[in-house]
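**Student:** Input: one structure, supplied below.
The values are calculated or read from the model by the stated rules, or taken from the named source; none is laboratory data. Note that the structure is a prediction, hence the values are computed from the model and not measured. A quick note on method: Cβ atoms are made from the backbone with ideal geometry, for glycine too, and the neighbour counts reach across all protein chains shown.
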Amino acid sequence: MELSQDTKNILGLQLPTDPRWVDLASISLEAILTDHAYCEQKAATTCISLIQRYSEREKVVTELAPIVTEEWGHFRLVLNELHKRGLKLGKQRKDAYVNKLIEFQRQGGKLEDRFLDQMLTMALIEARSCERFKRLSEGLEDEYLRNFYRRFMESEAGHYTLFIDLAESYIDKEIVRKRWQEWLDYEAKVMNELEVRGDRIH
């Protein structure tokens, strides 16, 4: 999958990653790989939680079940990369980016509103992860790691559209698209406010 267009056209993201991020990440490989491993782990466990929460929605269950397996496989790949390089899986750190996204989710109210925001939160996390992996695949000096992250980029590119598709399977498409734009605008503000750190995927 070739992602040669700009980030906004590919993923809808309004604000590209600060170019300094890749340089910072390249000198913090143990930290960035550790954070990446936990991101994959959390993606798998979140999908399990969504399957449990929306078990009556057949498409959610059937579409997310293989994602659980894939994300856990990604966790193992990153863990193996750490071990191969003589690095250790460090402690899980607070994910300020994801926590800020959760603050934007609608709480209480209608089930459909909560479902929509949960799907769009996941779509945004996957889209930003894809964009970050693209930056690593282009900007790291280590050729092996550039290819390593290109494979992750290609995987995540499909995931973000899956969550939007799931939302549109149960909610009117116009409602989904309107709310998605609100999420994109909010995410740009979050990215603009967060400190640029090389030890975090997000």
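Yes or no, residue by residue, for (1) part of a helix (DSSP H, G or I); (2) modelled with pLDDT under 95; (3) more than 21 Å from residue 94 (Cβ to Cβ):
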| residue | (1), (2), (3) |
| --- | --- |
| 3 | no, yes, yes |
| 15 | no, yes, yes |
| 18 | no, yes, no |
| 24 | yes, yes, no |
| 30 | yes, yes, no |
| 38 | yes, no, no |
| 48 | yes, no, yes |
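**Student:** So residue 149 passes all but one of these: (1) free of Cβ contacts under 8 Å to residues at least 12 places away in the same chain; (2) within 26 Å of residue 93 (Cα to Cα); (3) not acidic (Asp, Glu). Which condition number does it fail?
**Tutor:** Result: residue 149 fails condition (1) only.
**Student:** Another question about this same structure. Here is a check on your reading of the model: is residue 201 in a loop (DSSP other than H, G, I, E, B), out of contact with any Leu (no Cβ under 7 Å at 6 or more places or on another chain), of a type outside the set (D, E, K, R) and in contact (Cβ under 8 Å) with a residue 12 or more places away in the chain?
**Tutor:** yes
**Student:** When the residues of the range 184-196 are filtered to those that are assigned to a helix (DSSP H, G or I) and of a type in the set (A, V, I, L, M, F, W, C), which remaining residue is farthest from residue 24 (Cα to Cα)?
**Tutor:** Checking each candidate, the answer is 184.
**Student:** Quick one: is residue 187 without any contact (Cβ under 8 Å) to a residue 24 or more places away in the chain and more than 18 Å from residue 77 (Cβ to Cβ)?
**Tutor:** No, not satisfied.
**Student:** With the requirement that a residue be surrounded by fewer than 17 Cβ atoms within 10 Å (Cβ to Cβ), β-branched (Val, Ile, Thr) and within 18 Å of the chain's Cα centre (by Cα), what does the range 37-85 give you?
**Tutor:** Across the range 37-85, the qualifying residues are 45, 48, 69.
**Student:** Run down 75, 104 and say which single residue is over 17 Å from residue 191 (Cβ atoms) and in contact (Cβ under 8 Å) with a residue 12 or more places away in the chain.
**Tutor:** So the residue among 75, 104 that is over 17 Å from residue 191 (Cβ atoms) and in contact (Cβ under 8 Å) with a residue 12 or more places away in the chain is 75.
Residue-by-condition table, conditions (1) of a type in the set (Gly, Ala, Ser); (2) surrounded by fewer than 21 Cβ atoms within 10 Å (Cβ to Cβ); (3) farther than 19 Å from residue 30 by Cα:
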| site | (1), (2), (3) |
| --- | --- |
| 129 | yes, no, no |
| 139 | yes, yes, no |
| 145 | no, yes, no |
| 156 | no, no, yes |
| 160 | no, no, yes |
| 172 | no, yes, yes |
| 198 | yes, yes, no |
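**Student:** Just name the residue that is surrounded by the most Cβ atoms within 10 Å (Cβ to Cβ) out of those in the range 86-119 that are of a type in the set (Lys, Arg) and modelled with pLDDT of 95 or more. Show your work before the answer.
**Tutor:** We begin by selecting, within the range 86-119, every residue of a type in the set (Lys, Arg); these are 88, 91, 93-94, 100, 106, 110, 114.
Going one step further and asking which of them are modelled with pLDDT of 95 or more, we end up with 100, 114.
Details: 100: 17, 114: 15.
Among those that are of a type in the set (Lys, Arg) and modelled with pLDDT of 95 or more, it is 100.
**Student:** Only one of (1) surrounded by fewer than 21 Cβ atoms within 10 Å (Cβ to Cβ); (2) at pLDDT 95 or above; (3) closer than 23 Å to residue 151 by Cβ is not met by residue 122, so which one is it?
**Tutor:** Evaluating residue 122 over (1) surrounded by fewer than 21 Cβ atoms within 10 Å (Cβ to Cβ); (2) at pLDDT 95 or above; (3) closer than 23 Å to residue 151 by Cβ leaves (1) as the failure.
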